[in-house]
Each structure stands twice: as structure tokens, then as C-alpha cells.
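Colleague: Take a look at this one; I'll ask things after.
The values are calculated or read from the model by the stated rules, or taken from the named source; none is laboratory data. This is a predicted model, so every value here is computed, not measured. No Cβ is skipped: glycine too gets one built from the backbone with ideal geometry, and neighbour counts run over all protein chains shown. Heavy atoms of the whole protein, side chains included, go into the accessibility calculation; ligands, DNA and RNA do not. Shrake-Rupley method; radii C 1.70, N 1.55, O 1.52, S 1.80 Å.
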Amino acid sequence: MRAVRRIVPLLRSLFRGARVDADLAEELRFHIERETEANVARGMSSERARRAARLTFGSIDVAQETSRDDRPGASGRQVARDIRFGARLLAKAPAFGVAGVTIVALGIGAVTAIFSVVYGVLLRPLPFREPQRLVSIWTTPRTLGRGRMYPAAADAREWRESNHVFDDIALVRSSAANLTVIAGGEAERLQGARVSPNLFSVLGVSAALGRTFAVDEDQVGHEQVVLLSHALWQRRFGGDRSVVGRGMQLNGLPYTIVGVMPPDFQYPSPEFHVWIPIVIDPLELSRQVTQNYRAVARLKPTATVEQARADLEAIAKRMEAAYPAGSRALGVSVDSMLRDAVSAVRPALIVLLGAVSCLLLIACLNLSNLLGARAAARGGEFALRLALGASRRRLVAQAIAEVTPILALGGLLGVAAAAWGVRAFVATAPVGMPRLESIGLSAPVIIGSMMILIFTGVVASLMPAITAWRSDFTAATKVGSRFSAGGRPHSAGRRIGVAVQIAFAVPLLVGASLLIRSSLKLANVDLGFRPNGVATFNLSVPRTKYQSDMQVAAFFQRLVQAVANVPGVAHAGMVNRLPLAGGQTMSSSARTTRGDTVELSSIDSRPVTPDYFAALGIAVLRGRSFTDHDDVNAPAVSVVDDRLARAVWPGESALGKHVRRPDGAWSTIIGVVAHIHTEGLDVDARPQVYWSYGQLTPDRMVLVVRGAGEPAALIAPVLLAIRSVDPEQSVYDVRTMTAVVGRSLAQRRLTMTLIGAFGGIALLLAAVGVYGVVSYGVTQRLREFGIRVALGATRRDVTRLVVRQGLSTAIVGAAIGLVVALALAGAMSSLVFGVAPRDLISLAAATLTLLTVAAVASYIPARRASAVDPALTLRAE
């Protein structure tokens, strides 16, 4: 009841304030009339009686004002009035308003957009039940100096049986499939995965339609079942709910559809559309055959990632003792599933978040200086208000409230710009960027943006609040006073603010300079091949249709011949994996001239057709390439790159030497070709060895076609040639080789573009800050400059004096910024190529650019100072 008694007056005050004022005025008029009548009855005249009544009860307006101050919610109404006053000030000074709103929009928009990306990729929980309990497990070689590897099925069995920290462990292996038969549709290549039936219980997801796999569907004879993604179900089956129980063909084999997964189930990534049970080969469990898998586990409710690492490491040591042959020299790496999924992009996103934070601070300081300059110009107004009885606290409150319209408009524009920026980021993000589907404006992002906006308001309000607090009526009203309410003391504060802005801008410009130099270095990297004029086509041959290696090789031979006969095709060849699309690492051996064996722990292995080197423009340096006669009936042959040849046979020819094939047979080297980049332009570690496709035949190959003109013009006729050889053959991921090269650089280019944009905005804001401080200083010192000119100073002297003031501030800020940039250089080490993180050229370029812009920003108001008329100045005195 007490709460009701408090709430009702508050609501009445907020929503019926005019009615309350009217009631109060009516009541006062009533009492005045009664008092007037009483005075008349006492013998006063009507005029004297009314005047005496008014003196008794006071002014109605004053009573209403006092009543408003005493009502509930009075402070809120006062803030609203201050905000409305701030809006009117913006309307009277549109240039100032546009500048302030633009600064807020730039800062809030940039930080909201990047935080949306960081939250969506790094922080947003995975769409599984209790995702914090999900971990990924890898094996780590102890001796080869290589990174982590997918574990084998035998490893997973040992972990499942011996661990004390997991509820369960599931296995996943990528396994693309050709969708060959659906009424009214064409053959299609689908990215899929073979999974252990317990994967879905480990992840904690259920089918949206039908069911997931049964526990016995990883056994031979029960494994011909499939789960569909929601997108594939909608696209190829029209969302038909009766699809469960129907059949479909994958790789020419019949499968029964048992379920459809929910729309948000996109594991391991959104590209996966079918899931099939794994059938583990018994040889894998006996360690006679090793097959690598992705392993994911669910921790027990009380277990931690650290405990899981320790537990599995102990199991790994026991396994190493049980298998002392050397192949068990493996450690174990355990990490949260979320952290593991985003490990490749985490450094770049952290750098972007740091960069946009610097930009936000620059914007805050810039806005604070802008508002501080306006507050200083209103010094006389503040002093007059003090003289009329306003408190300093009231002036500070009004100064802060007047910032609200700028923050509100800038915040709305910033969030709108962030929404557009997020869409643009998703559209231009590199292929394969993890969790791209999770990026967007969400409730946590909006809440974070509001908190950042409040922080911006607090920082921006400091200068006007201090100016208002230190207002001095006596000093402001002195004739000829050289100190306004803002005065010279606050000019020093504004210079400090600009110096800090420049200090934050320097690391951004250094980062942009480093990335630009890295991009130039990458552009000059020798690829080892010629991507121009080349189109590529990915194919995967179903073994149900072409069962033997000889049949597959014969199909590839017919296909290459058909494509080579297409008008405009100069060369056509095939390889199992394109350069810059990742490598196929293997261990091998080579025989030296003395007859001893050299172990090759990490080389790149690729089966190719005879014309592949000509099609991709890889130079054959010595010997020859493969021919169609290098098949299973011919002696085993191989081609190596010049890096492997120099490393194993320095100073002599590699022709006629021997390299061990993956099947254990020794092959004779018949040619040496140029080394090419396989992992990326910034990675050039492994030498390469090539095998004849007729002797080692993979199911999956990439057709490489070189033409005389634009490669895009070859795509349609080449697809027709492929269909003429096999109408059911699916072709996917068709693109030019220049696009493949560009895709390998996409993440670096995106990072460079964003940091470059942040650096440019920071440079612009810093220039505005320098201009504002110098311009304000010129306005305050016009009398001084007039006297200097009257006493004989030249206009050049005045200009030099003003520019020196701006440059001195910029130099101090740049010096501090260089120290910060050097301290943060380590964060850029993973993003640069061919350039040291503390590259002197980048540091110098960033500093000189900032100082040049500061000099130009100072020169503009300096010209105004030099043009002052001393006669007018002295006459005013």
C-alpha cells in the first residue's frame, strides 16, 4: 500500500503535470479571491485588498515552480529540459552538431561492428547442449617438429576405455559424396562427414525430423543410412516431411534417409550437408592401418580441460611404453571445442578489437575537446548563471545532459552503420572463416554498444563539466580579461587530449603500414606457377562406378583428352589438390648416391597427369614430365621439385635417384620441376614430390585448364566436355586460378583493409583535434598576435609560431604513440610477412604521415592568425 501511495503521485507528476499546475493555480486563485474579499470587508479598497492578498500568498508562477521542484520525478524532468535545451543548441549550430554526431557515429559504428564479429566468432556459445563441456582432442608428435594431428581410431578407443574425465568420445571424418539420383535434379557434389553414431549424443542434439543414428549402425550391413541437413532437405526435397524412410544414392550406393537435422546444426561447418555412420576397419584398431579422425568429447560435469589434458597425457605415455616402435611418440592436446574452432582467426580478431578500441578512445577525446571548446565559448553564460543563483552542480548537470542529443543521434547512426558493416563483412569474409553464420547484431552486442555509448558520454562530458565547474563570474566580467571561463588553463587540457589522440593513432597507422608492406611483399612472392589464364574444376569419382584404380585412371585419361580438344584450350591436366589449397603431408625416404637412405619427415605428395605442369605453368627444369605410358605396368617413376633435389643431392643431379612411394615401393626420379607454394604465399616450408596418376590413382582430382583467353570463357565448354564423358559426374568448386590465389590472401587483405580504414579515421580525427585546439588557441590570442604584428613581427613569424604550437603537441603524442606501438608489436607478428613487427620504415612512415597532417591542420588557423589587422585589434583595446 505504501508503494502505491508513492507510485501514484509519481505517475501523476510525470503524465499529468499540466493538470497538477492548473489545479494548483486554481487553488491559489481561490484563496487570493477569498483573502481579497476579507480585506475589502476590513475597509480596504479593491485594488489594495487584491495587492495585500497577492503579497500574502505570493506569485502563482513561483508557487508552481516550487511545486514542480518538490514533486516526485523532479530531477528527471530537469534532465529532460536540459536535453531539450541541448537539442536546441544543436539546431542553432548545425555544423557543430554534424561534427559531434559524426564523431560518435564513427566510433560507435566501428566498435559495434567489430564487437559483433568478435562476439559471434570468439565468444558466442556453440549451439549445443552445455557447450562449455565440449572439447576437441588432437595428437601432437613429440619428435617431428610438426603441429597437431588428427588422432587414429585406435587412439580414440584407448582414450574411451581408460579415461576418467569424459562422458563419451565421438569421431568424425570428412567424406564428400556425389548425390547422383533425385528425380528432376542433376548430380551434385555434397560435403559430408562419416561420424560415430554417438556424435549426436555427445553434442547434445536431436534430429528435427526422424532420428539420429542407432548404436549398431556403425557395423557392416547396417551403415547405409544418412542424415540430411535442413538446407539440403529444403533445397532438394522441397521440405517434404515424408522424406524419412525414403532412399537416395550417394556415390552410386543406396542409402536410407533416417532423419533431418535442425537448421542451426552446422557441424563441423555450414558446408556439411550429409552425415553417414563410420565403419571402423579392424586393421585400424590393430594399428596395422592408421586412419586419422576428428575427435570430440564431452567432459564429465565436474571435470576441467586441464584435468582432461593431464589424464590423456598419462594415457599417451602408457601407450608409448606399450608400442615402443617409435610410431607412438605422440602427446595429446585437449582444448575447448569453441577455442579450437576459432584458433586460426583469434589473433587477427584480437588485433582488430584492439585497433577499434584505440579508434573509440580517439573519438571520445575528440568529442570531449569539441564540447570543451563550446563550453569555453559559453563561459560568459555560465558566469551569468552563477551570478543569478545557479549552483555549480547544476551547471555541471546541464553540461552533461546537453551531450545526450549528440550521443543519441550518433549512437543510432553508428548502430545502423554497424548493421551495414556486419553484412558487408560477412559478404566479404574469407572462405572457411569459422562461425561466420554466428556473426550479427545480437542482444549482447547491442547491450555492449549501449555501455560503450555511456562510456563515450562520460569521457566526452569531462571537459565541459570541468569548464562549467570552474566558471568564475568575476574573471569573466573583467573588461579585457584574457581568461574566459574556459581560459588558458583548459587550453592545456585540450592540448593534452589531442596528444593522447595522436598517441592512440600512431599504433593504428603503424599497423596499417606494416600490413601494407606485408601485402606488397606477398604480391612479389614467386608462386612457382602462372595462375593467369587458368580455370579449375573439382571432381570426385565414385568407386561404385569405377571400382579399380585402372578404371579410374582410364576415366581421367578420357576426360583430359576430351577437355584438351575443346577449342581455346591450350593444356589440360589434373592434380589431386591445387596449390594454395593445402597440402598432403607425408613421410618418405630417399636414397643418396652412396646408397644410404635419407628420411624425409615432411614432404608434399601429389599425383598428377602428364600435362599438369604445362597447364599450371610449372617449369620442368631437368629431365621430363610423366606420360600416359607411366602406368601400373611401367616402372615406378616420380618427379621432385628443385628444393628436394638440392636438399638430398646437393651439387649433383637428382635424375635417376630414388624416392619411396606411399605404398612402400621405390620410384625412379625422371624429372625436376620448380618449387611452388602449396600451403599459402606466406608459408613455403615443404618440398614436393609428384607421382604418376596411372601408378597412384586417387578418387578426387582437380582439372586444371589453361586457355589462350579469359579462363571464365572456358568454363561452359569444359563442363560440356566432362558431361560428354560421364553425364552423371558431378563438378564442384569451379573457379579461376587467380581466384584461388586471391582466396588464400583474403583474410590478410580483409585485416589490412579494416586496420587501414581505422588508421585513416584515426588520422582524420587527430587532424580535426589538432585543428580544433590550434584554432581555439588562435581565437584566444588574437589580441596578442595583433600586438606582435604592430611591434614588427612578420606574418611568417606569426604563422611559424602557431604551427610550432600544433606540431609540438603532435610530436609529444607521436613519441608516446611510438612507445606504445613498439610495446604492442608482438601482437602483429602473426599478421605480417617479410616485415619485422618493429619495422623502422613502417614506424617512420606512420610518424611522418601523422606529423605532416598535424602540420597542415595547424597551418590553416595559422594563416588566420597571420592575417589579423593590428589597427582593429588595438582600436578594440
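Colleague: When you go through Ser842, Ser830 one by one, which is the residue that is surrounded by fewer than 21 Cβ atoms within 10 Å (Cβ to Cβ) and of a type in the set (S, T, N, Q)? Spell out how you get there, then give the answer.
Modeller: Values: Ser842 fails: surrounded by fewer than 21 Cβ atoms within 10 Å (Cβ to Cβ).
Just a single option satisfies the conditions, and that option is Ser830.
Colleague: Given the options Arg294, Arg318, Arg309, name the one that is among the charged types (D, E, K, R), crowded, with 16+ Cβ neighbours inside 10 Å and over 30 Å from Pro254 (Cβ atoms). Write out each step before concluding.
Modeller: On the way: Arg294 fails: over 30 Å from Pro254 (Cβ atoms); Arg318 fails: crowded, with 16+ Cβ neighbours inside 10 Å.
Answer to the check: Arg309.
Colleague: Run down Ser775, Ser724, Ser808 and say which single residue is of a type in the set (Gly, Ala, Ser), under 30 Å from Gly707 (Cα atoms) and in a helix (DSSP H, G or I). Please lay out each step first, then the result.
Modeller: Details: Ser775 fails: under 30 Å from Gly707 (Cα atoms); Ser808 fails: under 30 Å from Gly707 (Cα atoms).
Of the residues listed, the single one that is of a type in the set (Gly, Ala, Ser), under 30 Å from Gly707 (Cα atoms) and in a helix (DSSP H, G or I) is Ser724.
Colleague: Here's something else I'd like to know. Checking the conditions here, which among Ala424, Ala443 is more than 27 Å from Ser368 (Cα to Cα), open to solvent by 60 Å² or more (accessible area, probe 1.4 Å) and modelled with pLDDT of 85 or more? Talk me through it step by step, then tell me what you get.
Modeller: Values: Ala424 fails: open to solvent by 60 Å² or more (accessible area, probe 1.4 Å).
After applying the criteria, what remains is Ala443.
Colleague: With respect to the numbered conditions (1) over 30 Å from Thr102 (Cα atoms); (2) surrounded by 16 or more Cβ atoms within 10 Å (Cβ to Cβ); (3) touching a residue at least 40 places away in the same chain (Cβ under 8 Å), which one is the sole condition not fulfilled by Arg788?
Modeller: Against the list (1) over 30 Å from Thr102 (Cα atoms); (2) surrounded by 16 or more Cβ atoms within 10 Å (Cβ to Cβ); (3) touching a residue at least 40 places away in the same chain (Cβ under 8 Å), Arg788 comes up short only on (3).
Colleague: Considering only region 691-707, state which residues are part of a strand (DSSP E or B) and of a type outside the set (D, E, K, R).
Modeller: Of the residues in region 691-707, the ones part of a strand (DSSP E or B) are 691-692, 700-707.
The answer is Trp691, Ser692, Met701, Val702, Leu703, Val704, Val705, Gly707.
Colleague: If the Cβ limit is 6 Å and pairs must be 6+ apart or interchain, which residue in region 308-323 that is closer than 13 Å to Asp335 by Cα pairs with which residue that is among the hydroxyl-bearing types (Ser, Thr, Tyr) and open to solvent by 70 Å² or more (accessible area, probe 1.4 Å)?
Modeller: Every condition considered, no pair remains.
Colleague: Can I ask one more? Condition test on Thr847, is it of a type outside the set (Phe, Trp, Tyr), modelled with pLDDT of 85 or more and either assigned to a loop (DSSP other than H, G, I, E, B) or open to solvent by 60 Å² or more (accessible area, probe 1.4 Å) (or both)? Step through it out loud before you land on a result.
Modeller: On the way: of a type outside the set (Phe, Trp, Tyr): yes; modelled with pLDDT of 85 or more: yes; either assigned to a loop (DSSP other than H, G, I, E, B) or open to solvent by 60 Å² or more (accessible area, probe 1.4 Å) (or both): no.
The answer is no for Thr847.
Colleague: Moving on. Select from region 93-132 the residues that are over 20 Å from Ser449 (Cα atoms), open to solvent by less than 50 Å² (accessible area, probe 1.4 Å) and over 25 Å from the mean Cα position of the chain (by Cα) and write down the one among them that is modelled with the lowest pLDDT. Write out each step before concluding.
Modeller: Just the residues of region 93-132 that are over 20 Å from Ser449 (Cα atoms), to begin with: 93-99, 126-132.
Those left that are additionally open to solvent by less than 50 Å² (accessible area, probe 1.4 Å): 93, 96-97, 99, 126, 128, 131.
With over 25 Å from the mean Cα position of the chain (by Cα) added as a condition, the list becomes 93, 96-97, 99.
Working: Ala93: 69, Phe96: 73, Gly97: 77, Ala99: 80.
The qualifying residue modelled with the lowest pLDDT is Ala93.
Colleague: Confirm whether Pro837 is crowded, with 21+ Cβ neighbours inside 10 Å and of a type outside the set (Gly, Ala, Ser). If you could, list the steps in order and put the result at the bottom.
Modeller: Numbers: crowded, with 21+ Cβ neighbours inside 10 Å: no; of a type outside the set (Gly, Ala, Ser): yes.
Spelling it out, it is not the case that Pro837 is crowded, with 21+ Cβ neighbours inside 10 Å and of a type outside the set (Gly, Ala, Ser).
Colleague: List every residue pair whose Cβ atoms lie under 6 Å apart, where the two residues are 6 or more positions apart in sequence or sit on different chains, the first residue falls within region 818-835 and is farther than 17 Å from Arg517 by Cβ and free of Cβ contacts under 8 Å to residues at least 12 places away in the same chain, and the second residue, located anywhere, is open to solvent by 60 Å² or more (accessible area, probe 1.4 Å) and assigned to a helix (DSSP H, G or I).
Modeller: Final answer for the pair search is none.
Colleague: Could you pull out the residue among Tyr776, Tyr732 that is open to solvent by 10 Å² or more (accessible area, probe 1.4 Å) and touching a helix residue (DSSP H, G or I) at 6+ places or on another chain (Cβ under 7 Å)?
Modeller: Working: Tyr732 fails: touching a helix residue (DSSP H, G or I) at 6+ places or on another chain (Cβ under 7 Å).
Going through Tyr776, Tyr732 in turn, the sole match is Tyr776.
Colleague: Which strands (runs of 3 or more DSSP E) sit wholly inside region 150-198 and have at least 1 residues that are of a type in the set (Lys, Arg), open to solvent by 30 Å² or more (accessible area, probe 1.4 Å) and at pLDDT below 85? Give the steps one after another, and end with the answer.
Modeller: On the way: elements: 166-174, 177-181, 188-195.
Filter on region 150-198 gives 188-195.
Colleague: Still on this structure: Can you tell me which of Glu284, Glu271 is in contact (Cβ under 8 Å) with a residue 60 or more places away in the chain and open to solvent by 60 Å² or more (accessible area, probe 1.4 Å)?
Modeller: Glu271
Colleague: Take the residues in region 341-350 that are modelled with pLDDT of 85 or more and open to solvent by 20 Å² or more (accessible area, probe 1.4 Å), then tell me which one is nearest to Gly432 (Cα to Cα). Walk me through it before giving the result.
Modeller: Of all residues in region 341-350, those modelled with pLDDT of 85 or more come to 341-343, 345-350.
Remaining after also requiring open to solvent by 20 Å² or more (accessible area, probe 1.4 Å): 341, 343, 346-347, 350.
On the way: Ala341: 11, Ser343: 13, Arg346: 14, Pro347: 16, Ile350: 18 Å.
Among those residues, the one meeting the criterion is Ala341.
Colleague: Shifting gears a bit: Within region 688-713, which residues are buried (at least 19 other Cβ atoms within 10 Å of the Cβ), of a type outside the set (Gly, Ala, Ser) and more than 14 Å from Val560 (Cα to Cα)?
Modeller: Selection gives Gln688, Val689, Tyr690, Trp691, Gln695, Leu696, Thr697, Pro698, Pro711.
Colleague: Of (1) open to solvent by less than 30 Å² (accessible area, probe 1.4 Å); (2) closer than 30 Å to Ser548 by Cβ; (3) assigned to a loop (DSSP other than H, G, I, E, B), Asp663 satisfies all except one. Which?
Modeller: (1)
Colleague: So the check is Cβ under 8 Å with 6+ separation or different chains; which pairs have a first residue in region 404-417 that's of a type in the set (A, V, I, L, M, F, W, C) and a second one that's outside any helix (DSSP H, G or I)?
Modeller: Val415/Leu441
Colleague: Something else now. So Val552 fits all but one of (1) among the β-branched types (Val, Ile, Thr); (2) outside any helix (DSSP H, G or I); (3) modelled with pLDDT of 90 or more; (4) out of contact with any helix residue (DSSP H, G or I) (no Cβ under 9 Å at 6 or more places or on another chain); what number is the exception?
Modeller: Checking Val552 against (1) among the β-branched types (Val, Ile, Thr); (2) outside any helix (DSSP H, G or I); (3) modelled with pLDDT of 90 or more; (4) out of contact with any helix residue (DSSP H, G or I) (no Cβ under 9 Å at 6 or more places or on another chain), the one that fails is (2).
Colleague: While we're looking at this one, here's another question. Quick check on Ile761: is it of a type in the set (A, V, I, L, M, F, W, C) and modelled with pLDDT of 90 or more? Can you show your working first?
Modeller: On the way: of a type in the set (A, V, I, L, M, F, W, C): yes; modelled with pLDDT of 90 or more: no.
It is false that Ile761 is of a type in the set (A, V, I, L, M, F, W, C) and modelled with pLDDT of 90 or more.
Colleague: Now for a separate question. Quick check on my filter: what residues within region 758-773 are closer than 27 Å to Val345 by Cβ and either among the aromatic types (Phe, Trp, Tyr) or crowded, with 17+ Cβ neighbours inside 10 Å (or both)?
Modeller: First pass over region 758-773, keeping only residues closer than 27 Å to Val345 by Cβ: 758-763.
Answer for region 758-773, where residues must be closer than 27 Å to Val345 by Cβ and either among the aromatic types (Phe, Trp, Tyr) or crowded, with 17+ Cβ neighbours inside 10 Å (or both): Phe758, Gly759, Ile761, Ala762, Leu763.
Colleague: Now, a different point. Considering only region 770-777, I want to know if a residue exists there that is touching a Phe, Trp or Tyr at 6+ places or on another chain (Cβ under 8 Å) and small (Gly, Ala, Ser). Don't jump to the end; show me each part of the working.
Modeller: Residues of region 770-777 touching a Phe, Trp or Tyr at 6+ places or on another chain (Cβ under 8 Å): none.
No; the residues of region 770-777 include none that is touching a Phe, Trp or Tyr at 6+ places or on another chain (Cβ under 8 Å) and small (Gly, Ala, Ser).
Colleague: Of all residues in region 643-659, which are surrounded by 18 or more Cβ atoms within 10 Å (Cβ to Cβ), in a loop (DSSP other than H, G, I, E, B) and of a type in the set (A, V, I, L, M, F, W, C)?
Modeller: Result: Trp649, Ala654.
Colleague: Can you pull out every residue in region 224-236 that is surrounded by fewer than 19 Cβ atoms within 10 Å (Cβ to Cβ) and closer than 12 Å to Val258 by Cβ?
Modeller: The answer is Gln224, and nothing else.
Colleague: Tally time: how many residues in region 608-646 are among the polar types (S, T, N, Q) and free of Cβ contacts under 8 Å to residues at least 24 places away in the same chain?
Modeller: Step one: list which residues in region 608-646 are among the polar types (S, T, N, Q), which gives 609, 625, 627, 633, 638.
Next, from what is left, pick out any that are free of Cβ contacts under 8 Å to residues at least 24 places away in the same chain: 627, 633.
Number of matching residues: 2.
Colleague: Every residue in region 208-223 that is in contact with a helix residue (DSSP H, G or I) (Cβ under 9 Å, 6 or more places away or on another chain) and either open to solvent by less than 30 Å² (accessible area, probe 1.4 Å) or polar (S, T, N, Q) (or both), please.
Modeller: Within region 208-223, the subset in contact with a helix residue (DSSP H, G or I) (Cβ under 9 Å, 6 or more places away or on another chain) is 208-210, 212-213.
Across region 208-223, the qualifying residues are Leu209, Thr212, Phe213.
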